[in-house]
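See below for the structure under consideration.
The values are calculated or read from the model by the stated rules, or taken from the named source; none is laboratory data. It should be emphasised that the depicted structure is a prediction, and the values quoted were computed from it without experimental measurement. Here the Cβ positions follow ideal geometry from the backbone for every residue, glycine too, while neighbour counts run over all protein chains shown.
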Amino acid sequence: MDTLHIKGGKPLSGVIPISGAKNAALPLMTAALLTEGDVLLDNVPRLTDVRTLIRLLTELGCEAEFSEGSADSFGQGLRLNAANITSTTAPYELVSQMRASFWVLGPLLTRFGEARVSLPGGCAIGARPVDIYIKGLEAMGASIEIVDGYVHATARNGLKGTHFRSSLVSVGATHTLMMAATLAEGETVLENAAREPEVGDLAACLTAMGARIEGAGTDTIRITGVKKLGGANHRVLADRIEAGTFAIAAAMTGGPITLTGLVPETIDATLSVLRAAGARVDVSGDRVTVERTAGPIRAVDVVTEVYPGFPTDLQAQFMSLMTLADGESEIVERIFENRFMHVQELARFGANISLHGDMALVHGVKRLTAAPVMASDLRASAALIIAALAAEGETIVNRVYHLDRGFERIEEKLRACGAEIWREKA
């Protein structure tokens, strides 16, 4: 199993291009199942989650072809064609590896009238039940049974438009139900929908394919079903979580680090807390520069919320920054239970953190020291790297396969800013 080695304690500075977002690319790829036409995606990140979904799509009969570009570039082109689907069953062996694979349920059901999809897997950060997906599809007229760990959904006469209010905000359910509604008969109204930029990105691609969608980016989305969708060309939205991670790393290590190719307003909440922590932030067009001021990092309280609030996917990274803050900070996790598994690993650096239910109380310390650590999930991996960049000595991060699920060649980007970081193959 690969490990990352990091010699910390030195300031970083440089320019980092932001890759396409994993959380945008995956639903965009899934949307290709809705049409017989070519879906051409640009800026698709080179990630294991992308490759996992490609394996599932090709298992279903979808054609997939990458245009790699130069070896040292980030992102790639991808052509998908689902004209000749041979199966509507998404097997456990693939869906169990990545939760987003479950999203094929909506497109398969609405286009073919049937889908059999394994219950999902992914990072171990809480139960994240799929009952909202099922209730939404049932409201559209689907008949659904769960047998032997599979969701078996049928809609022999097609899905029908409906008015559905989600019991909680779910990005995955919003993706799934929005895709399903594009080919349903009549109008579907999704209330309490997710407002994340990735939802808007999917809606933009679906609209280019011929879908009729209004309100994406708000909590009420209206979709008027059409008979058929066509192909489209679409560029994957820049990854706001990657951008936020590098912005936090800049505040941790000194900076200045300039992030390029992003949509700055998608990380407003993150930039706001970094300013409160004492970082200097400059925004210009699609570029954001972050550096640490001469004074100490200031302690800031944070509560994770649905977009546009502070994202749960940056909670672990921000906690790393707060380990060196002057004072105490409270970090409250309101989105996922069991998402504090990085706390015990940060303690190995000398961090002082105590847990109180859904709240972590971080007492800032003067310095961190290197230690061997183990990543528990994708975002925890990034948090450990941020801590290691500031720690004195050489840190070894184990189980970095999590990292490769969501960060495109992170060590190369950090090395370009002066970090001493390298990977050792197992």
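Comparison of THR260, THR289 shows that the only residue that is surrounded by fewer than 17 Cβ atoms within 10 Å (Cβ to Cβ), in contact (Cβ under 8 Å) with a residue 12 or more places away in the chain, touching a Lys or Arg at 6+ places or on another chain (Cβ under 9 Å) and farther than 29 Å from ASP358 by Cα is THR260.
In this entry, GLU187 passes the filter for residues that are of a type in the set (Asp, Glu) and surrounded by fewer than 21 Cβ atoms within 10 Å (Cβ to Cβ). For the stretch 369-399, how many residues meet the condition of being among the β-branched types (Val, Ile, Thr) and surrounded by fewer than 24 Cβ atoms within 10 Å (Cβ to Cβ)? Count: 2.
Has the stretch 74-86 got any residue that is within 17 Å of ALA155 (Cβ to Cβ) and at pLDDT 95 or above? Yes: one or more hits. Scanning the stretch 192-207 for any residue that is farther than 21 Å from ALA25 by Cβ and at pLDDT 95 or above turns up at least one such residue. Summed over the stretch 287-310, the residues that are outside any strand (DSSP E or B) and over 20 Å from the mean Cα position of the chain (by Cα) give a count of 8. Close Cβ contacts (under 6 Å, 6 or more residues apart or on different chains) running from residues in the stretch 215-226 that are touching a residue at least 24 places away in the same chain (Cβ under 8 Å) to residues that are assigned to a strand (DSSP E or B) and among the basic types (Lys, Arg) comprise THR224/ARG212. Looking at THR258, THR266 in this structure, which one is part of a helix (DSSP H, G or I), polar (S, T, N, Q), out of contact with any Asp or Glu (no Cβ under 7 Å at 6 or more places or on another chain) and assigned by TED's automatic domain parsing to the domain that holds LEU361? The conditions single out THR266. In the stretch 311-324, the count of residues that are closer than 24 Å to ASP239 by Cα and part of a loop (DSSP other than H, G, I, E, B) is one or more. Look at ILE132 and say whether it is out of contact with any His (no Cβ under 8 Å at 6 or more places or on another chain) and modelled with pLDDT under 95. Here the answer is yes, as ILE132 does meet what is asked. Condition test on ILE386, is it aliphatic (A, V, I, L, M), outside any loop (DSSP other than H, G, I, E, B) and either within 22 Å of LYS22 (Cβ to Cβ) or touching a residue at least 40 places away in the same chain (Cβ under 8 Å) (or both)? In short, yes. So which residues in the stretch 96-129 are modelled with pLDDT under 90, closer than 18 Å to HIS152 by Cβ and buried (at least 18 other Cβ atoms within 10 Å of the Cβ), if there are any at all? Listed by number, the list holds a single entry, PRO120. Evaluate the stretch 347-361: report whether one residue or more is closer than 29 Å to GLY200 by Cβ, aromatic (Phe, Trp, Tyr) and at pLDDT 95 or above. Checked the stretch 347-361: no residue is closer than 29 Å to GLY200 by Cβ, aromatic (Phe, Trp, Tyr) and at pLDDT 95 or above.
Among the numbered conditions (1) crowded, with 19+ Cβ neighbours inside 10 Å; (2) within 20 Å of the chain's Cα centre (by Cα); (3) in contact (Cβ under 8 Å) with a residue 24 or more places away in the chain, the only one that ALA279 does not meet is (2).
As for the stretch 363-372, it holds at least one residue that is within 26 Å of GLU305 (Cβ to Cβ), in contact with an Asp or Glu (Cβ under 8 Å, 6 or more places away or on another chain) and either among the hydroxyl-bearing types (Ser, Thr, Tyr) or not in a helix (DSSP H, G or I) (or both). Please verify whether ILE353 is in contact (Cβ under 8 Å) with a residue 24 or more places away in the chain and either small (Gly, Ala, Ser) or in a strand (DSSP E or B) (or both), treating the condition exactly as stated. Answer is yes for this residue.
When only residues in the stretch 133-177 that are hydroxyl-bearing (Ser, Thr, Tyr) and closer than 17 Å to PRO27 by Cα count, which is surrounded by the fewest Cβ atoms within 10 Å (Cβ to Cβ)? If we take residues in the stretch 133-177 being hydroxyl-bearing (Ser, Thr, Tyr) and closer than 17 Å to PRO27 by Cα, then SER170 is surrounded by the fewest Cβ atoms within 10 Å (Cβ to Cβ). Examine the stretch 327-344 for a residue that is at pLDDT 95 or above, over 30 Å from ALA216 (Cα atoms) and either among the hydroxyl-bearing types (Ser, Thr, Tyr) or assigned by TED's automatic domain parsing to the domain that holds ASP219 (or both), and state whether such a residue exists. Scanning the stretch 327-344, I find at least one residue that is at pLDDT 95 or above, over 30 Å from ALA216 (Cα atoms) and either among the hydroxyl-bearing types (Ser, Thr, Tyr) or assigned by TED's automatic domain parsing to the domain that holds ASP219 (or both), so the answer is yes.
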